[in-house]
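Working notes for the structure below.
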Amino acid sequence: HRARLEGGREVAVKVMYNNVEDMFRSDMGIIKSFCSLAMPHHLPALREIEKQFAAEFDYVREAANMEAIASSLNSHPSFRSRILVPSPV
């Protein structure tokens with residue numbers, strides 16, 4: 001979501017709804033339980049999907065990743081002026 005801080009700075013806001021992580025983990029547990037009975041060959045892919053989606057709930061890690069990507073892109077002359085990675089606040 002686009003927003004503006006009191007000082008006028010434009011920012012992007014990532015909203016996390018109450019209990020969304022718990023609901024996600026519960027849903028994934030149900031899906032994996034079903035697949036373990038009906039389609040066990042899909043379990044490795046589901047575990048990887050769960051791992052990748054679960055990382056979305058770690059805002060500290062996401063902020064560190066954004067800073068690392070920004071630093072890498074800013075050090076490259078071809079990308080420095082063409083790509084803007086938002087700074088975490």
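The values are calculated or read from the model by the stated rules, or taken from the named source; none is laboratory data. What you see is a predicted model; the values in this text were computed from it and never measured. Counting neighbours? That spans all protein chains shown, and the Cβs are built from the backbone with ideal geometry, glycine included. Please note that ligands, DNA and RNA were not included when accessible areas were found on the heavy atoms of the full protein model with its side chains. Shrake-Rupley method; radii C 1.70, N 1.55, O 1.52, S 1.80 Å.
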Scan the range 1-14 residue by residue and report those that are of a type in the set (A, V, I, L, M) and either over 18 Å from the mean Cα position of the chain (by Cα) or open to solvent by 70 Å² or more (accessible area, probe 1.4 Å) (or both).
Ala3, Leu5, Ala12
Working only within the range 1-52, note down all residues that are touching a strand residue (DSSP E or B) at 6+ places or on another chain (Cβ under 8 Å), of a type in the set (A, V, I, L, M) and either assigned to a strand (DSSP E or B) or touching a residue at least 24 places away in the same chain (Cβ under 8 Å) (or both).
Ala3, Leu5, Val11, Ala12
Which of (1) in a helix (DSSP H, G or I); (2) β-branched (Val, Ile, Thr); (3) open to solvent by less than 70 Å² (accessible area, probe 1.4 Å) does Val85 not meet, given it meets every other one?
(1)
If a residue must be under 30 Å from Ser87 (Cβ atoms), open to solvent by 50 Å² or more (accessible area, probe 1.4 Å) and either small (Gly, Ala, Ser) or in contact with a Ser or Thr (Cβ under 7 Å, 6 or more places away or on another chain) (or both), how many such residues does the range 18-74 contain?
4
Would you call Ser71 touching a helix residue (DSSP H, G or I) at 6+ places or on another chain (Cβ under 7 Å) and of a type in the set (Ser, Thr, Tyr)?
no
